[in-house]
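Notes for the one structure printed next.
The values are calculated or read from the model by the stated rules, or taken from the named source; none is laboratory data. Not measured: the values here are computed from a predicted model. Every residue, glycine among them, receives a Cβ derived from its backbone with ideal geometry; neighbour counts consider all protein chains shown.
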Amino acid sequence: MKPSTERFQTLRLDGVSRRFGGQDALVGLDVTIAAGEFIALLGPSGCGKSTALNCVAGLLPLTGGTIWQDDTRIDTLPPERRGFGMVFQNYALFPHMSVRANVAFGLQMRKLPKEEQRRRTEEAIRLVDLEGHADKLPGHLSGGQQQRVAIARAVVLEPSLVLMDEPLSNLDAKLRLGMRTEIRRLHQSLGLTTVYVTHDQEEALSLADRLVVLRDGRVQQIGTPEELHAHPASWHVADFMGYRNMVRLRAGEAGAGREVLVQGHGLRLTGTAVGKIGQGAEVIAALRPDDVEVLGVESTPAGPTDNGVGAEVEVVEYQGREFAVEVLTDDGLRLHVRTERRLVPGDAIRLRVDPSRLLVFPTDDSAATEDAAVSDRARRATVG
Amino acid sequence: MTTLTERRSDSAPSPQRPSLRHRLAERGVDRQLWLLLPAAVFVLVLFLYPFFYGLQLSFQPTKGGPLADYQRFFSDAYQRNTIWLTLRLALPAALLNVAASVPIAYRMRGRFRGKRTLTTLLVVPITLGTVLTAQGLLNYLGPTGWLNRTLMGLGIVDDPVRLTNNYWGVFFSLVITGFPFAFLLVLSYLSGIDPTLERAATSLGADWKARFRRITLPLLLPGLATTFCLTFVLAFSVFPSAVLVGDPTGETYVISLAAYRAAYEQVDYPYASAIAMVMGLVELVVVAVVLFGRSRCYTGSTGGKG
């Protein structure tokens, strides 16, 4: 399909906000989307990501802020005049229309010539490999096929922007992987600007050019997958990016550069400070399971520079090339590590951490009640 | 899952052949079916028995052959005409009830403030009963009712407009009592349609007219057909209002009135039964035609919770 002529250069969300009753669902979302970009809105349920999508689609009026398509303000336009394609979580296929009629619907609404409607419909159906199913009703298709119809129906209009609302969450794990590749392939071949909502960090990281991490309606961080993966801006983002080990510790003296000493729970480790950390302040140390080096117990501590801790293996899960291992440190702290080493429960091991991979975040004590996640981890740590 | 484990335990004596109870259960026959018994008895005693009793009675006229009473009904123009008079009332009333319910229910399908109050107001006439409605109609639309007094007071008409004790009186009564029923049914059919379908249509560039015509209406049509049938059958058996606000000897001499007179004024039960059978047949024909049309609509899932 050729690119549509009415494409924009940038779509700019300027302080987009939405309140429901007295409840803030989305607060001051600022993001500029370049043409052809794949943006993922990522966050736990209730973080405002679907609200943001519906605001862009025009299905929800804004309670604050503006949306600009180049120099045109579009947040006041009704949804049917924005020309954005949308893929819904439950597909929302018209159950009484054949696959072909579903795909052709948008073209008919645009009152395009019959011949062009027919040609583009067939093209879109071929694009998603559903030629053999064009005359079936959606109810006779599998979940994955229905999802492909939904995608064909949205992209047949060559929209300037495609909005996808958790399109893969109703599919089983295997199909989800396949469709993920499919979506990425479609995006690469058609160059469609896409805003994609998901709560699955893996999906977001693998699909998107840039991620917007939301929490409680507020943006936590905007960045490329690499940036977010390696340099999360807060412990909330880290939590979402697979930093499975989160420990509440106390900061000691600062070292060279951004290095900082943290201790507690029998640990005494050097990490990298993210944000301002005062000496003696309470901090959250975050560590990814695959950033922990697992050594045999025979490697005795090499003095204070060792940056490690002794532990005992508790649970071993086989995961193909690697093992996911839950260990208990000498001080009763439970940690998750990944290793290729074949371990059995009860093994004594030694863990070592690269200071650059141990991220030290300030706690957000201003909102102590929202700390459920961490205090939960901390509690489990102390109980263990 | 459970069937698998059950099969294993049930078929322990003969592994080749599952037990009878299990085979029946696979076809949906089990002990819970006994719960249907009261309903079955109810239908048998209160519907099927009277129906077949009436049917055989209608073939045993007081004089003449088995079909004599049917011949009598159809050869008498005054009696035969009741079919037409009743259809003339019931068809437009049912059609209007369904047609009026659609836009109102369509506007009310979402959630909004005061929805419950509005629904209650629209449904209240169901609780009134025909007699109270008739009284209201006589007071309001009668020759000395408020409407005519207002119209004459404003000088719009010189003589009272006759809206009661004729066709229109009965028609209004049928609309007032039939509408809430149709409205409730249509509303529930509408809320059974997944609201994201309309949002999807919106995102594809459909305005509300196109959304209604292409998405909502086709999905609602089977429900409308069912609603029409039910309201039509209710209206076709109109009786009290035909007497109270109609013209029971003239233009609202409906078929149920004819059956009533045969039974209780002429005391000719076989003839009354024959008329009742004709009445049932006419209803059946109309319902069959509508349901045939319905079977040509899409009647599958509409994605909603309904």
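Side notes on the structure shown:
- Restricting region A:288-319 to residues that are over 14 Å from A:Ile349 (Cα atoms) and modelled with pLDDT of 85 or more, the residue that is nearest to the chain's Cα centre (by Cα) is A:Arg288.
- Of all residues in region A:234-257, those that are surrounded by 16 or more Cβ atoms within 10 Å (Cβ to Cβ) and either in contact with a Ser or Thr (Cβ under 7 Å, 6 or more places away or on another chain) or closer than 21 Å to A:Phe38 by Cα (or both) total 3.
- Conditions (1) part of a helix (DSSP H, G or I); (2) away from every other protein chain (no Cβ under 14 Å); number of the one not met by B:Thr249: (1)
Results for (1) touching a Cys at 6+ places or on another chain (Cβ under 9 Å); (2) surrounded by fewer than 22 Cβ atoms within 10 Å (Cβ to Cβ); (3) modelled with pLDDT of 90 or more, shown as yes or no for each residue.
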| residue | (1), (2), (3) |
| --- | --- |
| A:Gln9 | no, yes, no |
| A:Arg18 | yes, no, yes |
| A:Gly21 | no, yes, no |
| A:Asp24 | no, yes, no |
| A:Val56 | no, no, yes |
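- Criterion: touching a Ser or Thr at 6+ places or on another chain (Cβ under 6 Å) and either of a type in the set (Ser, Thr, Tyr) or surrounded by 16 or more Cβ atoms within 10 Å (Cβ to Cβ) (or both) - qualifying residue of A:Leu261, A:Leu211: A:Leu261
- Subset of region A:169-218 [without any contact (Cβ under 8 Å) to a residue 24 or more places away in the chain, of a type in the set (A, V, I, L, M) and under 19 Å from A:Tyr243 (Cβ atoms)]: none
- First in region A:122-137 and within 18 Å of A:Ala92 (Cα to Cα), second anywhere and assigned to a loop (DSSP other than H, G, I, E, B) and modelled with pLDDT under 90, Cβ under 8 Å, 6 or more apart: A:Ala124/A:Met1; A:Leu137/B:Tyr298; A:Leu137/B:Gly300
- Hits in region B:94-123 - residues which are under 23 Å from B:Ala242 (Cβ atoms) and among the β-branched types (Val, Ile, Thr): B:Val98
- Taking the listed residues B:Val238, B:Val243, the one that is away from chain A (no Cβ under 14 Å), in contact with a helix residue (DSSP H, G or I) (Cβ under 8 Å, 6 or more places away or on another chain) and not in a helix (DSSP H, G or I) is B:Val238, with no other qualifying.
- The set of residues in region B:252-281 being outside any loop (DSSP other than H, G, I, E, B) and out of contact with any helix residue (DSSP H, G or I) (no Cβ under 9 Å at 6 or more places or on another chain) consists of B:Leu281 alone.
- Filter result for A:Leu13 (in a strand (DSSP E or B), within 17 Å of A:Leu163 (Cα to Cα) and touching a helix residue (DSSP H, G or I) at 6+ places or on another chain (Cβ under 9 Å)): yes
- Considering region A:152-179, and only residues there that are assigned to a helix (DSSP H, G or I) and at pLDDT below 90, the residue that is nearest to the other protein chains (Cβ to nearest Cβ) turns out to be A:Val155.
- Matching residues in region A:83-111 - criterion: being without any contact (Cβ under 8 Å) to a residue 40 or more places away in the chain and at the interface with chain B (Cβ under 8 Å from one of its Cβ atoms): A:Met109
- Restricted to helices (runs of 4 or more DSSP H) entirely inside region B:1-105, those with at least 3 residues that are at pLDDT 90 or above and closer than 30 Å to B:Gly169 by Cα are B:68-75.
- Residue in region B:149-156 that is among the β-branched types (Val, Ile, Thr) and within 14 Å of chain A (Cβ to nearest Cβ) present: no
- Pairs are defined by a Cβ separation below 7 Å, a sequence spacing of at least 6 or placement on different chains, a first member in region A:337-348 that is farther than 19 Å from A:Leu287 by Cα, and a second member that is of a type in the set (A, V, I, L, M) and in a loop (DSSP other than H, G, I, E, B); the pairs so defined are A:Ala348/A:Val297.
- Residue that is nearest to the other protein chains (Cβ to nearest Cβ) [pool: residues in region A:71-82 that are within 17 Å of A:Asp30 (Cβ to Cβ) and assigned to a loop (DSSP other than H, G, I, E, B)]: A:Ile74
- Test: residue in region B:234-257 that is among the charged types (D, E, K, R) and touching a Pro at 6+ places or on another chain (Cβ under 9 Å): no
- Condition check for A:Gln188: within 15 Å of the chain's Cα centre (by Cα), assigned by TED's automatic domain parsing to the domain that holds A:Phe88 and among the polar types (S, T, N, Q): no
- All positions within region B:38-66 that are touching a helix residue (DSSP H, G or I) at 6+ places or on another chain (Cβ under 9 Å) and hydrophobic (A, V, I, L, M, F, W, C): B:Phe51, B:Leu55, B:Leu57, B:Phe59
- Residue in region A:282-298 that is assigned to a loop (DSSP other than H, G, I, E, B), over 28 Å from A:Asp200 (Cβ atoms) and in contact with a Leu (Cβ under 6 Å, 6 or more places away or on another chain) present: no
- Here A:Ile125 meets each of (1) surrounded by 21 or more Cβ atoms within 10 Å (Cβ to Cβ); (2) under 17 Å from B:Ala206 (Cα atoms); (3) over 25 Å from the mean Cα position of the chain (by Cα) with one exception, condition (2).
- Annotation: A:Gly139 fulfils all but one of (1) under 30 Å from A:Ser17 (Cβ atoms); (2) assigned to a helix (DSSP H, G or I); the unmet one is (1).
- Cβ-Cβ contacts under 9 Å between residues 6 or more apart (or on different chains), taken from a first residue in region B:180-201 that is of a type in the set (Lys, Arg) and surrounded by fewer than 21 Cβ atoms within 10 Å (Cβ to Cβ) to a second residue that is at pLDDT below 90 and not in a helix (DSSP H, G or I), are listed as B:Arg199/A:Leu59.
- Subset of region B:205-221 that is surrounded by fewer than 17 Cβ atoms within 10 Å (Cβ to Cβ) and more than 7 Å from chain A (Cβ to nearest Cβ) - its residue that is farthest from A:Arg110 (Cα to Cα): B:Leu217
- Filtering region A:20-68 to residues that are of a type in the set (S, T, N, Q) and either closer than 24 Å to A:Ala204 by Cβ or within 14 Å of chain B (Cβ to nearest Cβ) (or both) leaves A:Thr32, A:Ser45, A:Ser50, A:Thr51, A:Asn54.
- Residues in region A:84-135 that are more than 22 Å from A:Leu168 (Cβ to Cβ), touching a helix residue (DSSP H, G or I) at 6+ places or on another chain (Cβ under 8 Å) and outside any helix (DSSP H, G or I): A:His96, A:Met97, A:Leu112, A:Ala134, A:Asp135.
- Restricting attention to region A:89-132, the residues that are of a type in the set (Gly, Ala, Ser) and within 13 Å of A:Ile151 (Cβ to Cβ) add up to 3.
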